[in-house]
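Here is the structure we will look at, set down as structure tokens.
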Amino acid sequence: MRIFYASDVHGSNRCFKKFLNAGKFYGTEAIVLGGDITGKAIVPFVEAAPGEVHVTFLGKEHVLTSEEDVHALEERVGDTGYYPHHCSADEAAALREDPARLNEIFGQKIVGRVEEWMALADERLTGDRAVPCYVNAGNDDPRQIDEVIESASRVEFLEGRVVELPKEIELASCGYANMTPWHCPRDVQEPELADRLEAVASQVRDPEWAIFNFHCPPHDTQIDQGPVLGEDMRLRSTAGGIEMHAVGSTACREVIERYQPMLGFHGHLHESRGTFKLGKTTCINHGSEYSEGVLRGALVDINEKKRKVKNVHLVSG
């Protein structure tokens, strides 16, 4: 039994396409996308004059004068995880003064891309590429995307549910996380997160033959390291580099220690690539490099007869 697991693609078109191809490429019996699938910002493509588009992207000013150049930069923006938005100079100025309208457009862009991705999954996951595909939301993802994923015919949505993978392995999922400084859409306090995790974990029939797909990693496990932020929200550095500390969920750790599933699939913290043994449970965080168009993931081989994890390979491409 082989499973490919990824998460934290954050709107990157390139990463999502790679995810859809992973089943055939790696020869897996299931592919799982664990959450934080939406992007973080809009990039205005400002029509400054007829035939001239101005774009500020990743700190660089672009003046585009051909449809080919516009299309190429749109593709790059999408592969990086952002959302191109064509507008006039007047609209761009108005949006800078109207956060509510900007947020409304942002939400539309998010939903639109997830709709495109689900249509692509329905198109691609057929024939020799047909493989069971499971997708969840993460703490960064607005709830509007849930029904879009639900509507896909070849993708199974996971939030708050236990679904059965091939070989009758149970997959229990929760995309919520403990509070972050950014107050993301699915950030909650630890007591509420404990209730959500328990609600899904208690549905599992056989924890030893189950995977807990909890977006936030368990606390103090080396795969939950995040940067220390000052009061000004800037990274704190020492002589050895950026200062890091454990920011995972205590509720997640408690539930995993109590139920002891075979595997824990986690994401959320891009810098904490690795595995950690929590009792009998192998916990995985493959990290993320989505902004470079690189899909990081975990290739997991499971020995069905011995009912245990055979190998975990952290892969990227």
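The values are calculated or read from the model by the stated rules, or taken from the named source; none is laboratory data. Since the model is a prediction, treat every value here as computed from it, not as a measurement. Glycine also receives a Cβ, built like all others from the backbone with ideal geometry; neighbour counts cover every protein chain displayed. Surface areas here come from the heavy atoms of the whole protein model, side chains and all, with no ligands, DNA or RNA. Shrake-Rupley method; radii C 1.70, N 1.55, O 1.52, S 1.80 Å.
Would you say Arg273 is charged (D, E, K, R) and surrounded by fewer than 19 Cβ atoms within 10 Å (Cβ to Cβ)?
Working: charged (D, E, K, R): yes; surrounded by fewer than 19 Cβ atoms within 10 Å (Cβ to Cβ): yes.
So Arg273 fits the description; yes.
Name the single residue that is modelled with the highest pLDDT among those in region 39-85 being under 25 Å from the mean Cα position of the chain (by Cα) and at positive phi.
This residue is Gly81.
Being acidic (Asp, Glu) and open to solvent by 50 Å² or more (accessible area, probe 1.4 Å) is the filter; apply it to region 119-128 and report the residue that is modelled with the lowest pLDDT. Let's see the steps before the verdict.
At the first step, the residues of region 119-128 found to be acidic (Asp, Glu) are 122-123, 128.
Narrowing the set further to residues that are open to solvent by 50 Å² or more (accessible area, probe 1.4 Å) leaves 123, 128.
Values: Glu123: 96, Asp128: 84.
Ranking the candidates gives Asp128 first.
Under 7 Å between Cβ atoms, at least 6 apart or on separate chains: pull out the pairs that start in region 148-160 with a residue that is within 14 Å of Val114 (Cβ to Cβ) and outside any loop (DSSP other than H, G, I, E, B) and end on any residue that is aromatic (Phe, Trp, Tyr) and modelled with pLDDT of 95 or more.
Matching pairs, first to second residue: Ile149/Phe157; Glu150/Phe157.
Evaluate region 195-208: report whether one residue or more is open to solvent by 40 Å² or more (accessible area, probe 1.4 Å), part of a loop (DSSP other than H, G, I, E, B), touching a helix residue (DSSP H, G or I) at 6+ places or on another chain (Cβ under 8 Å) and of a type in the set (Gly, Ala, Ser).
Restricting attention to region 195-208, the residues satisfying the condition of being open to solvent by 40 Å² or more (accessible area, probe 1.4 Å) are 195-196, 198-199, 202-203, 205-206, 208.
Within this subset, residues satisfying the condition of being part of a loop (DSSP other than H, G, I, E, B) are 202-203, 205-206.
Within this subset, residues satisfying the condition of being touching a helix residue (DSSP H, G or I) at 6+ places or on another chain (Cβ under 8 Å) are none.
Taking every residue of region 195-208 in turn, none turns out to be open to solvent by 40 Å² or more (accessible area, probe 1.4 Å), part of a loop (DSSP other than H, G, I, E, B), touching a helix residue (DSSP H, G or I) at 6+ places or on another chain (Cβ under 8 Å) and of a type in the set (Gly, Ala, Ser).
Which one of Ser173, Ser249 is within 30 Å of Thr126 (Cα to Cα), polar (S, T, N, Q), surrounded by 19 or more Cβ atoms within 10 Å (Cβ to Cβ) and touching a Leu at 6+ places or on another chain (Cβ under 7 Å)? Before the answer, list the steps.
On the way: Ser249 fails: within 30 Å of Thr126 (Cα to Cα).
Matching residue, one of Ser173, Ser249: Ser173.
Among the residues of region 129-139, is there at least one that is part of a helix (DSSP H, G or I) and either at negative phi or open to solvent by less than 30 Å² (accessible area, probe 1.4 Å) (or both)?
Pass one, region 129-139, residues part of a helix (DSSP H, G or I): 129.
Now narrow it down to the ones that are either at negative phi or open to solvent by less than 30 Å² (accessible area, probe 1.4 Å) (or both): 129.
Yes, region 129-139 contains at least one residue that is part of a helix (DSSP H, G or I) and either at negative phi or open to solvent by less than 30 Å² (accessible area, probe 1.4 Å) (or both).
Of all residues in region 66-97 being closer than 13 Å to His54 by Cα and part of a strand (DSSP E or B), which is most open to solvent (accessible area, probe 1.4 Å)?
Filtering first and then ranking leaves His86.
Of all residues in region 267-303, which are part of a loop (DSSP other than H, G, I, E, B), at pLDDT 95 or above and not small (Gly, Ala, Ser)?
Restricting attention to region 267-303, the residues satisfying the condition of being part of a loop (DSSP other than H, G, I, E, B) are 267-273, 279-280, 286-288, 293, 295.
Then keep just the ones that are at pLDDT 95 or above; that gives 267-270, 272-273, 279-280, 286-288, 293, 295.
Those that are part of a loop (DSSP other than H, G, I, E, B), at pLDDT 95 or above and not small (Gly, Ala, Ser): His268, Leu269, His270, Arg273, Lys280, His286, Leu295.
Answer with yes or no whether Gly23 is modelled with pLDDT of 95 or more, in a helix (DSSP H, G or I) and crowded, with 23+ Cβ neighbours inside 10 Å. Talk me through it step by step, then tell me what you get.
Details: modelled with pLDDT of 95 or more: yes; in a helix (DSSP H, G or I): yes; crowded, with 23+ Cβ neighbours inside 10 Å: yes.
Spelling it out, Gly23 is indeed modelled with pLDDT of 95 or more, in a helix (DSSP H, G or I) and crowded, with 23+ Cβ neighbours inside 10 Å.
Looking at (1) loosely packed, with under 13 Cβ neighbours inside 10 Å; (2) β-branched (Val, Ile, Thr); (3) touching a Lys or Arg at 6+ places or on another chain (Cβ under 9 Å), find the lone condition where Thr238 falls short.
(3)
Would you point out which residue out of Asp90, Asp36 is of a type in the set (Asp, Glu) and on the phi > 0 side of the Ramachandran plot? Steps first, answer last, please.
Values: Asp90 fails: on the phi > 0 side of the Ramachandran plot.
Sole residue among the options that is of a type in the set (Asp, Glu) and on the phi > 0 side of the Ramachandran plot: Asp36.
Going through region 26-38 one residue at a time, which ones are assigned to a loop (DSSP other than H, G, I, E, B) and among the β-branched types (Val, Ile, Thr)? Give the derivation first.
Here is the first cut: in region 26-38, the ones assigned to a loop (DSSP other than H, G, I, E, B) are 27-29, 34-38.
Passing the criteria: Thr28, Ile37, Thr38.
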